[in-house]
Amino acid sequence: MSRTLFIAQRLGLSSDGRSSPLLRIAVVGIALAMVIMILSFAIVTGFRNSITDRIFALDAHIRIAMYQSPDSLRPQPLDSAQLSQLIDLSRYGTRTFAVTSRACVVKTDNDFKGLTLLGIAGDYPIDFISRSVTEGALPDFSADSTANHIAISGATASQLGVKCGDRIYAYFVEDALRARRLTIKAIFDTDFDDYDDAVAIGSRAMLNDLSGFASSQCSYIGIDIADPSAAREVSNQLLIDLQRAIDGQNLDARYSVSNIIDNYASYFTWLDILDTNIVIILVLMAIVAGFALIAGLLIIILDHIPTIGMMKSVGATNALLRRVYMFLGLRLLAKAMLIGNLLGFGLALLQYFTHAVPLDADAYNMPFVPISFDWTWIVGLNIGVVLVAYIAMIIPAHAIARISPAETLRYE
């Protein structure tokens, strides 16, 4: 065993065997900084993972539609079968599906509301919407018997004053006004206001019939990819390949390609702001922990001035004493970090399993504070705290060189 460890193990954090109140305050300060950093990481990571997973499940990762001018009222049909024959869409994603989308006005005897009606069939990934149903059940929109069924959001149902089983009129405007009487079979709530306030779900076959589309035609083709975070890059490559096919005269129409990252840019911008906030919190808490540790180490040194003078009088060097007291500082840090980790992860696990802290879903798109754990940041956070603390201890440790054995007689 080295002399440094031998001496440090026989010295306590205080000379009289009892922890100083100031020393306990330093421990509490470091522990609280650890708790705040752990909870900040867990909550922000939870928000990012939860929101992105829900967005990626909410809509197509990539959309392909016919190009049309912004002032065009009549949607241009896309022939999904023909496009699939000319372009191997399976190279870009794991699943493709066709959607017919139409703007409409739904009306009851007392109120009305403008919506986008998504016409879907059996190939549409409906899992997330199914989990979001709060009343009724989603129909099988691939069946002929469900052509006049519809699913609306809770916000729409509340505004119109309707419930499952009620019938409403939907009006579509093209060259002439057309109407369909639809039966509400399900009410959903995704917690995304922009989606819930604007979208209803119905039968693709019904909308195709209304628009005069063939069974293989649709408004757009959706593509889901294995890594949704790469949707922008994949959509750019798909657009290039479509343009090459047009240049090679394999395609005779222009297409537009969009991706979910750009379509939901406001949500991802919000998440980036959260990342900025977590950096600010980490810097502030690192400063707090650093000052608390510096104060703690100075308290230890001041409490051991007679001991330091005695060890210097028998030949202990400043370098040896610095190492001893930096080791004692690390003991103080280890105690505070242990308490901080236990409290931080304890509170995070409590929220993870119980959802005890709720949120306003209208403001945060989540009904409760989400928690996510990642061993990479857990280990990285603790290592980072140790490195910052070690650097912070260098300054007070050099105060030992200014203590002379003669001056320590004043403390006797």
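Where a number appears in this text, it was derived from the coordinates with a stated rule and is not lab data. Note that the structure is a prediction, hence the values are computed from the model and not measured. Cβ: placed from backbone, ideal geometry, glycine included. Neighbour counts: every protein chain shown.
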Before anything else, pin down the relative contact order of the stretch 60-263: Cα pairs under 8 Å, at least 6 apart, normalised by residue count, whole percent.
35
What distance in nm lies between label points placed 7 Å from Cα along the C-beta direction at A179 and D227?
5.2
Once the piece of chain linking V288 and V357 is laid out straight, how much longer is it, given 0.36 nm per residue of separation minus the C-alpha distance between them?
22.2 nm
In sequence order, calculated HN-Hα J values of the stretch 356-366 (Karplus, 6.51, -1.76, 1.60; Hz; x Gly/Pro)
5, 9, x, 9, 7, 4, 5, 8, 10, 6, 9
Interchain or sequence-distant (5+) residues whose placed amide H lies within less than 5 Å of the amide H of R95 are D224
Hey, what do the phi angles of the stretch 287-296 turn into as Karplus ³J(HN,Hα) couplings, whole Hz, using 6.51/-1.76/1.60 and θ = phi - 60°, x for Gly and Pro?
5, 4, 4, x, 5, 4, 6, 4, 4, x
Would you mind computing, in nm to one decimal, how far apart the modelled labels at I378 and T134 are, each placed 7 Å from Cα along Cα→Cβ?
3.4
Chain lengthening between V28 and D53 when straightened (0.36 nm per residue, less Cα-Cα):
5.3 nm
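When you count, for each residue, the other Cβ atoms within 10 Å and take the mean per peptide, how do 48-54, 34-40 rank with the highest first?
With the highest mean Cβ count within 10 Å placed first, the list reads 34-40, 48-54.
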At R0 = 41 Å, how high is the FRET efficiency between I395 and Q237 if r is their beta carbon distance? Nearest 0.05 is fine.
0.15
Compactness ratio of the stretch 161-250: Cα Rg over 2.2 N^0.38 Å, N = residue count?
1.51
Per principal axis, largest first, the Cα atoms of the stretch 60-263 extend in Å by 55, 38, 30
With r defined as the distance between the Cβ atoms of D88 and S158 and R0 fixed at 45 Å, what FRET efficiency is calculated, to the nearest 0.05?
0.50
Net charge near C164 (other residues with Cβ under 14 Å of its Cβ; Lys, Arg +1; Asp, Glu -1) is 0
From a point 7 Å beyond the Cα of D262 in the direction of its Cβ, which residues of the stretch 212-235 have a backbone N at a distance under 13 Å?
231-235
Listed highest first by mean packing, meaning other Cβ atoms within 10 Å per residue, what order do 282-292, 180-190 come in?
180-190, 282-292
Under the rule of at least 5 residues apart or a separate chain, name every residue whose amide H is placed under 5 Å from the amide H of F188.
T134, I152, S153, G154
